[in-house]
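The values are calculated or read from the model by the stated rules, or taken from the named source; none is laboratory data. As the structure is a computational prediction, the values presented were derived from the model and not from experiment. Methodologically, a virtual Cβ is constructed for each residue, glycine included, from the backbone with ideal geometry; neighbour enumeration extends over all protein chains shown. Protein only, heavy atoms only, side chains kept; ligands, DNA and RNA dropped before computing areas. Shrake-Rupley method; radii C 1.70, N 1.55, O 1.52, S 1.80 Å.
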Amino acid sequence: MSLLLSLGRKDGLAKEVAALSEQNLYACYQCGKCTAGCPVASIMDDPPHQIVRFLQLGDADKALKSSTPWACVGCLTCASFCPKGVDLARIMEALRTVRLRRLDAPFRYTQEDGEWLSNLPQSAVVAAMRKVTW
Amino acid sequence: MVIKPAAVRSGRGDEEGNVVDQGKKTFGYYPGCELRTRAQALDISARKACETLGITLKELKDWTCCGSLVAQVKDNYMALLAPARVLLQAHAQGFNELATLCAFCFNTLRRASFFLERHPEARRKLATFLEVEMLPQVRVLHLLEVLRDSVGFDRIREAVRRPLQGLRVAPYYGCLLLRPAQEIGLDDPEEPTLMEGLLKALGCDVVDFRSRTDCCGSYHIVTNQGVAAQCAQVILHSAVDAKADFLVASCPVCQFNLDWSQAGHGNTGVPVLYFAQLLALALGEPAETLGFDERGAAALRESS
């Protein structure tokens, strides 16, 4: 597999993510335990540990455009597995937050969703709205 | 990470882990939206069980939404408003301890309270917005914690009228009851024993099953049903492999996801019950008053 990275972009995203999430991105040594434990890794563009790698290497765009942060549901299995105490779910939330604050979310509810939504537990609906829409 | 004794982590014990307020009887109670709609069975059975055990749950008046999930970035103050408002209501009504049952409410309120204790800037901003002098400190509890620390499983064992012998149950925790362990501190995040302790006290045959702390798919049920079904199926099959007759959950969303997945993505035939339903049943409440669904009621008749 080959990866094309735009290294060292100085857009400060890594800093912003580190500040928002209050996590040290450089503590991660890429052991992959987070990915091994992730229950939703199968629907992610990039495995969770790779998102941290993109940020470490300064390729912010890759991290930001990946579907991975939106697949993360915040179950915190990764955080409880991490030998370095990195809370990856917070990093994912920070990446979502950056995009939500740019009014750039991948999900929008439409009228057609109404019937399906009315059958669901309301706490799940509220949670989804707060996490993936603005 | 050093895991301190549960009573210390939950702030309810001294440093040696002795529970200091054992015997406390009255708690503020925050049911949350699910318990008034789809998960009424959880509310009803928990109230009945508490009555029998001498615990008084005083429902918060005019409670509002807990916010459902807490924000995981440091400056999302808007997302803290809903839980802060609930904590404020609890304090204004004289409760410094608030018992919850829904795992979403529990996790959100407990984490928000933890966050506010440690972030004076957030506390100040929210107090200004909510037009109060300061935000109070309210201890958020889960009913399972009350049962363990304030009643004790030994006392529950003595109170059991109808031991649930022969019932093979798989206790399912999910995420929100356990993680993040530093903030929730209810039990060990990977090897919890809380529900096992309760269910054994009720006489159940508790099976060891591998998915007990896995994620049910949570709010992906709204935006990505495929992966929610996949998560739920892993848990259901794990329960089947352990030869469990029932899955026992505490969270209305887990319960929904597991049942929904069985209806459309592969029926494993495992009914999903709430822990409070089994508790009330063992304490002698008639099964027909505890809101078991058809599948659960049928399976219970079969095994008794």
Between residue B:142 and residues 5 or more places away or on another chain, the pairs with built amide H atoms under 5 Å apart involve B:100
In whole percent, how big is the carbon plus sulfur part of the accessible area of segment B:63-132, probe 1.4 Å, protein atoms only? 56
Segment B:165-264: GluC sites (Glu not before Pro) in DSSP coil with no more than 16 other Cβ atoms inside 10 Å: B:190
Under a cut-off of 26 Å between alpha-carbon atoms, report the lysines in cross-link reach of residue B:243, not counting same-chain residues fewer than 8 places apart. B:200
Using a 1.4 Å probe on protein heavy atoms, which residues of segment A:49-75 have at least 30 Å² less accessible area in the complex than alone? A:73, A:75
Expressed to one decimal in nm², the mean projection of the alpha carbon convex hull of chain B is 15.3
Within segment B:72-134, report the GluC sites (Glu not before Pro) that DSSP leaves as loop and that have at most 10 other Cβ atoms within 10 Å. B:131, B:133
Report the relative contact order of chain A, percent, no decimals, based on alpha-carbon pairs under 8 angstrom and at least 6 residues apart. 25
Work out the length of the dipole vector of segment B:178-250 about its Cα centre, built from +1 on the beta-carbon of each Lys and Arg and -1 on the beta-carbon of each Asp and Glu, and round it to the nearest 20 debye. 240
Estimated 222 nm signal from helices in chain B, with DSSP H stretches of n ≥ 4 weighted -39500 (n - 2.57), rounded to 500: -12500 deg cm²/dmol
Along principal axes, Cα extents of segment B:146-272, largest first, whole Å: 45, 35, 20
With +1 on each Lys and Arg Cβ and -1 on each Asp and Glu Cβ, how big is the dipole of the protein assembly as shown about its Cα centre, in debye rounded to the nearest 20? 740
Within chain B, percent of DSSP bridges classed antiparallel, to nearest 5: 5
What percentages make up the Cα-Cα pair-distance distribution of chain A when the bins are 10 Å wide from 0? 12, 41, 33, 11, 2
Counting other C-beta atoms within 10 Å, and keeping those with at most 14, which DSSP coil GluC sites (Glu not before Pro) do you find in segment B:199-304? none
What residues qualify as long-range amide H neighbours of residue B:97, i.e. H under 5 Å apart, gap of 5 or more or another chain, H built at 1.01 Å from N? B:28, B:139
Please turn the phi angles of segment B:45-57 into ³J(HN,Hα) values with the Karplus equation 6.51 cos²θ - 1.76 cosθ + 1.60 (θ = phi - 60°), one per residue in order, whole Hz, x for glycine and proline. 5, 5, 4, 5, 4, 5, 4, 4, 8, x, 9, 9, 9
May I ask for the Rg/Rh ratio of the protein assembly as shown, computed from Cα atoms with Rh as the Kirkwood radius, given to two decimals? 0.96
Expressed per residue, the solvent accessible area of chain B in Å² (1.4 Å probe) is about 39
Taking all protein chains as present, what is the carbon and sulfur share of the accessible area of segment B:138-178, in % to the nearest whole number, probe 1.4 Å? 43
Antiparallel bridge percentage (DSSP; both residues within the protein assembly as shown; nearest 5): 5
Between chains A and B, what is the buried accessible area in Å², counting both sides, with a 1.4 Å probe and ligands, DNA and RNA left out, to the nearest 100? 3400
Every cysteine in chain A with no other Cys Cβ under 4.7 Å from its Cβ, please list them in numeric order. A:28, A:31, A:38, A:72, A:82
Result for chain B, cysteines with no Cys Cβ partner under 4.7 Å, is B:33, B:50, B:65, B:204, B:231
With the cut-off at 20 Å, tell me which of the pairs A:131/B:58; B:24/B:48; A:65/A:131; B:25/B:58; A:131/B:61 have Cα atoms farther apart than that. A:131/B:58; A:131/B:61
List the residues of segment A:77-125 for which accessible area in the full set of protein chains is at least 40 Å² lower than for the chain on its own; 1.4 Å probe, protein heavy atoms only. A:80, A:90, A:93, A:101, A:116, A:120, A:121, A:122, A:123, A:124
Each residue of segment A:62-68 in order: what ³J(HN,Hα) in whole Hz does its phi give by Karplus 6.51 cos²θ - 1.76 cosθ + 1.60, θ = phi - 60°, with x for Gly and Pro? 4, 5, 6, 8, 5, 6, 4
Under a plain spin-label model, where a point goes 7 Å from the Cα along Cα-to-Cβ, how far apart in nm are residue A:113 and residue B:134? 4.1
Segment B:277-293 - phi-based ³J(HN,Hα) in whole Hz, Karplus 6.51/-1.76/1.60, Gly and Pro as x: 5, 5, 4, 5, 4, 5, 7, x, 6, x, 4, 6, 9, 9, x, 5, 6
For segment B:227-283, the accessible surface attributable to carbon and sulfur atoms (probe 1.4 angstrom, ligands and nucleic acids excluded) amounts in percent to 54
